[in-house]
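I am attaching a structure below and will ask some questions about it afterwards.
The values are calculated or read from the model by the stated rules, or taken from the named source; none is laboratory data. Here the structure is a predicted model, which means the values were calculated and not measured. Note that we place each Cβ from the backbone using ideal geometry, even for glycine, and neighbour counts take in every protein chain shown.
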Amino acid sequence: MDCWMLLVSLGSRMTRLSRLSVYAAVYLCLCLLANVVLVMVFVMSQRWGDSTPAAAPRGGPASSTHDWDLNNARLLTCKEIHTIRNLTVIGSGWTKTVYRGLYGNSAVALKTVHSSGHDMTSCQEETSVCYHRCASKIIKETALLRELKHPNVLKVLGECLPNEDYSPGPPAVGVVAVITELGHPVDMIEILQMDFESRLKLAYDVVSILQHLVHSPLGSLLMKDFRRQQFVIVGDTLKLSDVDDIVLGDPKCTHDKDCILEISSGKHVKSYLPCSAGKCKGYNSLSNAIQAGQHFMRLLIPYGSPKALENTSSDILNRLLAGNLYSEEVYSEIHRLVRNYSSGNYLKDTEKDMIKDYVAYPGETISEGDFSCQKTAAWGCIQSVSSPAEGAWLCSQIPKCEAFILIDQRSWTGRQIAVFKSSLRNIKENKEHTLYIRRGQG
């Protein structure tokens with residue numbers, strides 16, 4: 001406004017100012033306006049930060065983050081995705097980049113096209129065409145994840161499929177984005193450091209995925225790549241996250257000789273399957289099971305189980321790696337192992353009789369006497385037990401143990417949590433605990 005007032009003033013004083021002065025004033029005002037416009041464009045283009053994909057909003061106002069959480073059935077839309085904050089790159093590949101971000105108070109993962117990835121940089125066509133080709137892979141993967149909805153499949157929380165063609169901007173428009181649950185990679189060292197029950201939970205998740213792949217809403221599915229990189233852990237649950245290499249249906253055939261399954265990674269396996277109704281019967285089920293054994297089960301079930309279950313665990317693994325268990329069969333075997341572990345049926349009568357050497361004190365606990373023991377938390381000796389009898393037997397096997405406490409908490413298998421103690425000092429009242437003291441110690 002000041003610039004235009006200056007021009008008016010200059011016009012009224014034309015007789016005292018040279019024409020050159022007027023041109024100079026006009027030029028300065030135009031430069032000032034141009035700078036303001038450039039700053040506004042820059043701010044808009046940086047709304048999500050340099051590494052953040054912008055999403056073109058669809059119609060309708062964005063909903064408040066306060067009425068949404070991870071269990072909400074409503075999918076997030078373009079405008080809501082646009083409000084995700086604190087975006088940080090956590091992974092990238094040839095086609096897509098994955099960000100970690102916050103929507104409201106919920107941590108989520110955002111997937112979008114990797115603009116400088118191999119698929120984009122190697123494409124020789126127009127940028128919008130190359131982008132559309134890459135985005136179609138993400139859209140296909142998202143649709144498949146939604147079709148395979150299952151507790152052990154990564155949950156899709158939202159998507160943005162704008163109508164505009166992609167343009168890098170600034171500001172960028174036409175950006176395809178997908179929101180999913182946030183998980184962390186499956187780390188082999190982390191798995192080996194887990195106790196047996198935690199690894200058994202992952203084994204339980206693996207066979208649940210195997211069962212779902214065989215009996216999915218789309219029919220029998222083959223995972224060509226069953227490596228740990230195709231999965232993430234959300235909370236304490238293993239979930240299938242990458243479905244790029246899934247194949248629908250068992251292979252077609254005309255003769256039995258067309259149905260030879262051969263897997264060379266890890267232990268070499270060669271299996272002969274029947275050709276039935278034009279398809280290799282059970283091909284996907286067996287292939288998935290063998291690969292799951294090679295990439296997961298060999299790390300999950302052979303170590304740390306109660307001695308009475310070691311032979312059972314080893315037998316399951318050996319048959320699985322040899323190609324003698326289909327997905328449905330290994331599913332049944334692991335479920336049977338979990339039931340046996342949960343119930344304590346593996347305990348011998350002499351081990352169960354150890355409870356006679358202990359006196360129970362309901363409503364009492366011990367606040368001191370913590371000590372470390374193998375494969376438990378560093379600050380105490382804590383394990384799950386199927387019954388007070390197993391707690392008594394475990395305590396009798398630990399030289400330091402004089403007592404144990406059963407607390408009002410249970411593991412995922414339903415076993416009760418026991419805390420083992422090396423001292424009887426500082427006995428207190430606690431209605432949710434039951435104290436067991438070895439006879440002759442109190």
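Can you work out which of the residues in the range 178-208 that are hydrophobic (A, V, I, L, M, F, W, C) and without any contact (Cβ under 8 Å) to a residue 60 or more places away in the chain is surrounded by the fewest Cβ atoms within 10 Å (Cβ to Cβ)?
First, the residues of the range 178-208 that are hydrophobic (A, V, I, L, M, F, W, C): 178-179, 182, 186, 188-189, 191-192, 194, 196, 200, 202-203, 206-207.
Subset that is without any contact (Cβ under 8 Å) to a residue 60 or more places away in the chain: 186, 189, 194.
Values: V186: 21, I189: 6, M194: 18.
Once the filter is applied, the top-ranked residue is I189.
Anything in the range 418-442 that is crowded, with 16+ Cβ neighbours inside 10 Å and either in a strand (DSSP E or B) or of a type in the set (D, E) (or both)? List them, or say none.
A418, V419, F420, K421, I427, N430, H433, T434, L435, Y436, I437, R438
Here's a follow-up. Between a first residue in the range 410-421 that is in contact (Cβ under 8 Å) with a residue 40 or more places away in the chain and a second residue that is hydroxyl-bearing (S, T, Y), which pairs have beta carbons less than 7 Å apart while being 6 or more apart in sequence or on different chains?
Between residues of the range 410-421 that are in contact (Cβ under 8 Å) with a residue 40 or more places away in the chain and residues that are hydroxyl-bearing (S, T, Y), the close pairs are S411/S384; T413/Y341; T413/S342; G414/S342; R415/S342; R415/S384; R415/S386.
Pairs only if they're at least six apart or on different chains, beta carbon under 7 angstrom, first in the range 153-177 and under 14 Å from H82 (Cβ atoms) and of a type in the set (V, I, T), second at pLDDT 80 or above and outside any loop (DSSP other than H, G, I, E, B); list them, first residue then second.
V175/T112; V176/T112; V176/V113; V176/A135; V176/I138; V176/I139; V176/C160
Does V359 count as among the hydrophobic types (A, V, I, L, M, F, W, C), surrounded by fewer than 17 Cβ atoms within 10 Å (Cβ to Cβ) and at pLDDT 95 or above?
Values: among the hydrophobic types (A, V, I, L, M, F, W, C): yes; surrounded by fewer than 17 Cβ atoms within 10 Å (Cβ to Cβ): yes; at pLDDT 95 or above: yes.
Taking the combined requirement at face value, the residue satisfies it.
Those residues that are out of contact with any strand residue (DSSP E or B) (no Cβ under 9 Å at 6 or more places or on another chain), in contact (Cβ under 8 Å) with a residue 40 or more places away in the chain and among the hydroxyl-bearing types (S, T, Y), I need them from the range 235-284; list them, please.
Once the filter is applied, which keeps residues that are out of contact with any strand residue (DSSP E or B) (no Cβ under 9 Å at 6 or more places or on another chain), in contact (Cβ under 8 Å) with a residue 40 or more places away in the chain and among the hydroxyl-bearing types (S, T, Y), the range 235-284 yields only T237.
Of all the residues that make up the range 330-346, how many are under 27 Å from V269 (Cα atoms), surrounded by fewer than 18 Cβ atoms within 10 Å (Cβ to Cβ) and either among the hydrophobic types (A, V, I, L, M, F, W, C) or more than 25 Å from the chain's Cα centre (by Cα) (or both)?
Summing the residues that are under 27 Å from V269 (Cα atoms), surrounded by fewer than 18 Cβ atoms within 10 Å (Cβ to Cβ) and either among the hydrophobic types (A, V, I, L, M, F, W, C) or more than 25 Å from the chain's Cα centre (by Cα) (or both) in the range 330-346 gives 1.
Please verify whether D242 is closer than 23 Å to L70 by Cβ, assigned to a loop (DSSP other than H, G, I, E, B) and out of contact with any Gly (no Cβ under 7 Å at 6 or more places or on another chain), treating the condition exactly as stated. Step through it out loud before you land on a result.
Working: closer than 23 Å to L70 by Cβ: yes; assigned to a loop (DSSP other than H, G, I, E, B): yes; out of contact with any Gly (no Cβ under 7 Å at 6 or more places or on another chain): yes.
Considered against the rule, which asks whether it is closer than 23 Å to L70 by Cβ, assigned to a loop (DSSP other than H, G, I, E, B) and out of contact with any Gly (no Cβ under 7 Å at 6 or more places or on another chain), D242 comes out as yes.
Filter the range 94-153 down to the residues that are among the aromatic types (F, W, Y) and under 30 Å from D205 (Cβ atoms), then identify the one that is modelled with the lowest pLDDT. Step through it out loud before you land on a result.
Here is the first cut: in the range 94-153, the ones among the aromatic types (F, W, Y) are 94, 99, 103, 131.
Filter once more, so that each one left must be under 30 Å from D205 (Cβ atoms): 94, 99, 103.
Details: W94: 87, Y99: 94, Y103: 91.
Among those that are among the aromatic types (F, W, Y) and under 30 Å from D205 (Cβ atoms), it is W94.
Taking E164 as the residue in question, decide whether it is charged (D, E, K, R) and at pLDDT 90 or above.
Details: charged (D, E, K, R): yes; at pLDDT 90 or above: no.
No.
Just to be sure before I move on: is D315 within 25 Å of R336 (Cβ to Cβ) and among the acidic types (D, E) in the structure I sent?
Numbers: within 25 Å of R336 (Cβ to Cβ): yes; among the acidic types (D, E): yes.
Yes: the conditions hold for D315.
The rows are residues; the columns are (1) charged (D, E, K, R); (2) at pLDDT below 95; (3) over 30 Å from L394 (Cα atoms); (4) surrounded by fewer than 19 Cβ atoms within 10 Å (Cβ to Cβ).
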{"site": "K239", "(1), (2), (3), (4)": "yes, no, yes, no"}
{"site": "D245", "(1), (2), (3), (4)": "yes, yes, yes, yes"}
{"site": "S265", "(1), (2), (3), (4)": "no, yes, yes, yes"}
{"site": "H268", "(1), (2), (3), (4)": "no, yes, yes, yes"}
{"site": "C280", "(1), (2), (3), (4)": "no, no, yes, no"}
{"site": "Y283", "(1), (2), (3), (4)": "no, no, yes, no"}
{"site": "F296", "(1), (2), (3), (4)": "no, yes, no, no"}
{"site": "A322", "(1), (2), (3), (4)": "no, yes, yes, yes"}
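Pairs please, first residue from the range 286-302 and in contact (Cβ under 8 Å) with a residue 60 or more places away in the chain, second anywhere and among the acidic types (D, E) and assigned to a helix (DSSP H, G or I), Cβ atoms under 8 Å, 6+ apart in sequence or on different chains.
A289/E329
A further question follows. Restricting to the range 209-237, name every residue that is buried (at least 19 other Cβ atoms within 10 Å of the Cβ), within 18 Å of the chain's Cα centre (by Cα) and assigned to a loop (DSSP other than H, G, I, E, B).
F226
Within the range 380-417, count every residue that is surrounded by fewer than 16 Cβ atoms within 10 Å (Cβ to Cβ), part of a loop (DSSP other than H, G, I, E, B) and of a type in the set (K, R).
Within the range 380-417, residues that are surrounded by fewer than 16 Cβ atoms within 10 Å (Cβ to Cβ), part of a loop (DSSP other than H, G, I, E, B) and of a type in the set (K, R) number 1.
Could you check how many residues of the range 375-392 are touching a Leu at 6+ places or on another chain (Cβ under 9 Å) and modelled with pLDDT of 95 or more?
So the count comes out to 7.
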